[in-house]
Amino acid sequence: MVQQEMSYTVTTDKDFAAAVASVEEATTAQGMKVLHIHDVQATLQSKGYSIEPLKIIEICNARYAYEVLAKDVLISLMMPCKINVYTRDGKTYISALRPTMLAKFYPEAGLEEIASQVDAKIRAIVDAAR
């Protein structure tokens with residue numbers, strides 16, 4: 001599987017905090033909701049490990065979640081949608097797991113249309129946050 005099929009990643013000129021805020025704003029603009037933000041850097045630092053900034057932003061849209069779960073409850077293993085903001089070597093990145101992957105992991109569920117719609121929203125969020 002090619003990484004491009006699995007994830008959508010862009011670089012941004014924004015600093016880390018501004019990129020995270022931009023993802024939050026763009027999520028709302030796409031009719032989705034931020035459910036939780038995991039500060040992975042802070043969590044690991046509290047355990048004595050040092051990494052560059054990384055936040056995992058969990059987002060969802062109730063209608064899409066309902067439609068997907070109605071097809072197969074096991075798809076919940078890959079929910080909610082996640083957008084990561086992180087830095088590497090002085091650059092800030094925004095990256096998302098592509099929802100179209102759900103259709104590949106659960107081919108019997110018939111998720112192609114829903115996954116495509118959510119994928120378009122996720123890519124729009126990442127692009128707007130850029």
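The values are calculated or read from the model by the stated rules, or taken from the named source; none is laboratory data. Predicted, not measured: the structure shown is a model, and the values here were computed from it. Cβ atoms come from the backbone with ideal geometry, glycine included; neighbour counts cover every protein chain shown. Protein only, heavy atoms only, side chains kept; ligands, DNA and RNA dropped before computing areas. Shrake-Rupley method; radii C 1.70, N 1.55, O 1.52, S 1.80 Å.
Screening the range 50-78 for residues that are surrounded by fewer than 17 Cβ atoms within 10 Å (Cβ to Cβ) and among the hydroxyl-bearing types (S, T, Y) and picking the one that is farthest from L111 (Cα to Cα) gives S50. The numbered conditions (1) touching a residue at least 24 places away in the same chain (Cβ under 8 Å); (2) outside any loop (DSSP other than H, G, I, E, B); (3) within 17 Å of V126 (Cα to Cα) are all true for Y64 except (3).
Applying the set (1) in a helix (DSSP H, G or I); (2) farther than 18 Å from M6 by Cβ; (3) out of contact with any helix residue (DSSP H, G or I) (no Cβ under 8 Å at 6 or more places or on another chain); (4) charged (D, E, K, R) to K47 leaves exactly one unmet item: (1). Looking across the range 79-100, the residues that are open to solvent by less than 40 Å² (accessible area, probe 1.4 Å) and either charged (D, E, K, R) or assigned to a loop (DSSP other than H, G, I, E, B) (or both) come down to P80, P99. For the range 8-23, a residue qualifies if it is part of a helix (DSSP H, G or I) and either out of contact with any Pro (no Cβ under 6 Å at 6 or more places or on another chain) or surrounded by fewer than 18 Cβ atoms within 10 Å (Cβ to Cβ) (or both), and the qualifying residues are A17, A18, A19, V20, A21, S22, V23. No other residue among A26, A103, A128 is modelled with pLDDT of 95 or more, surrounded by 14 or more Cβ atoms within 10 Å (Cβ to Cβ), assigned to a helix (DSSP H, G or I) and in contact with a Ser or Thr (Cβ under 9 Å, 6 or more places away or on another chain) apart from A128. Looking at K47, is it of a type outside the set (A, V, I, L, M), open to solvent by 40 Å² or more (accessible area, probe 1.4 Å), free of Cβ contacts under 8 Å to residues at least 40 places away in the same chain and touching a Cys at 6+ places or on another chain (Cβ under 9 Å)? Here the answer is no, as K47 does not meet what is asked. You will find that of I57, I51, I37, the residue that is in contact with a Leu (Cβ under 7 Å, 6 or more places away or on another chain) and of a type outside the set (F, W, Y) is I51 and no other.
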